[in-house]
Amino acid sequence: MECVVAMNEDRIIGDGNKLLWHLPGDLKRLKSMTMGAPLIMGRKTWESIGRPLPGRANIVLTRSNLTNFNGAIVVNSFDEAIQEADKWIKNEKHNPEVTVQKKIFLFGGSEIYNLGIDFCDVIQMTKVQINITKGAKFPKLNDKDWKKTKLQEFHKNINSPEFSYWHYQRVN
Ligand SMILES: NC(=O)c1ccc[n+]([C@@H]2O[C@H](COP(=O)([O-])OP(=O)(O)OC[C@H]3O[C@@H](n4cnc5c(N)ncnc54)[C@H](OP(=O)(O)O)[C@@H]3O)[C@@H](O)[C@H]2O)c1
């Protein structure tokens, strides 16, 4: 399982309802990285996106017994989310235009990162240089557990803050 996240230095990922920045190219990169894979997300993240992300299994965690999340696979526990993700990967009736990836993405938000980060051996991280201290947070990582590689850096401009792409590999 891989985690994908964008956050600032204070590990803020959003205000609880939505993202707090717009980064050119980041959502496009997210799309190509996750295409053909199951995504595990919380009900609040699902609602903030507002539609199923095509070409991927949208697995949504909720404690409620609602099942009418159009286009989502609704589950009530993290174990069930993993089982549904495995089932989706093994299902042979996929859209032939989509190449299925044999990995699961932990897609957020804060509550779902907390549930799943210990099962991830890779984090695809976007670090955003933006001064926000309140909001939904990514869990605190133990530095010695991760080998961190900076992949790309983008300077601040009038439309967006400085940001960079990082690859974290679990070493412990
Ligand atoms: N920057 C990023 O990369 C990124 C990525 C994703 C999300 N976000 C942001 O994160 C924020 C949302 O995060 P959040 O932590 O508030 O919400 P969330 O993790 O998206 O969803 C929380 C919901 O998930 C369900 N849930 C949590 N634990 C569960 C469990 N053990 N079993 C069953 N269901 C469970 C509950 O749904 P019910 O209330 O329906 O029971 C809970 O209210 C938004 O601002 C969003 O934009 C940022």
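The values are calculated or read from the model by the stated rules, or taken from the named source; none is laboratory data. All values reported here derive from a predicted model rather than from experimental measurement. Please note: Cβ atoms are built from the backbone with ideal geometry, for glycine as well, and neighbour counts cover all protein chains shown.
Looking only at residues of the range 95-136 that are among the hydroxyl-bearing types (Ser, Thr, Tyr) and buried (at least 18 other Cβ atoms within 10 Å of the Cβ), we find that the one that is nearest to residue 43 (Cα to Cα) is 110. For the range 79-92, a residue qualifies if it is within 12 Å of the ligand (Cβ to nearest atom) and either modelled with pLDDT under 95 or surrounded by fewer than 17 Cβ atoms within 10 Å (Cβ to Cβ) (or both), and the qualifying residues are 79, 80. Taking first residues from the range 94-112 that are at positive phi and partners that are β-branched (Val, Ile, Thr) and near the ligand (Cβ under 10 Å from one of its atoms), the Cβ contacts under 7 Å between residues at least 6 apart in sequence or on separate chains come to 108/5; 108/13; 108/45. Criterion first (of a type in the set (D, E, K, R), surrounded by fewer than 19 Cβ atoms within 10 Å (Cβ to Cβ), within 10 Å of the ligand (Cβ to nearest atom) and over 18 Å from residue 120 (Cα atoms)) does residue 10 satisfy it? No; evaluated as a whole, the condition is false for this residue.
Just one of the numbered conditions (1) free of Cβ contacts under 8 Å to residues at least 60 places away in the same chain; (2) crowded, with 16+ Cβ neighbours inside 10 Å; (3) within 15 Å of the chain's Cα centre (by Cα) is not true of residue 72: (3). What number of residues within the range 137-172 satisfy the criterion of being surrounded by 11 or more Cβ atoms within 10 Å (Cβ to Cβ), of a type in the set (A, V, I, L, M, F, W, C) and out of contact with any Phe, Trp or Tyr (no Cβ under 9 Å at 6 or more places or on another chain)? Adding up the residues that qualify gives 1.
When 84, 162, 92, 153 are checked against the criterion of being over 15 Å from the mean Cα position of the chain (by Cα) and under 15 Å from residue 41 (Cα atoms), a single residue qualifies: 84. Hey, can you tell me all the residues within the range 94-151 that are more than 22 Å from residue 29 (Cβ to Cβ), among the charged types (D, E, K, R), more than 8 Å from the ligand (Cβ to nearest atom) and not in a loop (DSSP other than H, G, I, E, B)? Of everything in the range 94-151, those that are more than 22 Å from residue 29 (Cβ to Cβ), among the charged types (D, E, K, R), more than 8 Å from the ligand (Cβ to nearest atom) and not in a loop (DSSP other than H, G, I, E, B) turn out to be 118, 137, 143, 144, 145. Evaluating residue 67 against the criteria (1) within 12 Å of the ligand (Cβ to nearest atom); (2) among the polar types (S, T, N, Q); (3) in contact (Cβ under 8 Å) with a residue 12 or more places away in the chain leaves one unmet condition, (3). Where residues in the range 31-57 are crowded, with 20+ Cβ neighbours inside 10 Å and within 12 Å of the ligand (Cβ to nearest atom), which of them is farthest from residue 134 (Cα to Cα)? Restricting to residues being crowded, with 20+ Cβ neighbours inside 10 Å and within 12 Å of the ligand (Cβ to nearest atom), the top hit is 34.
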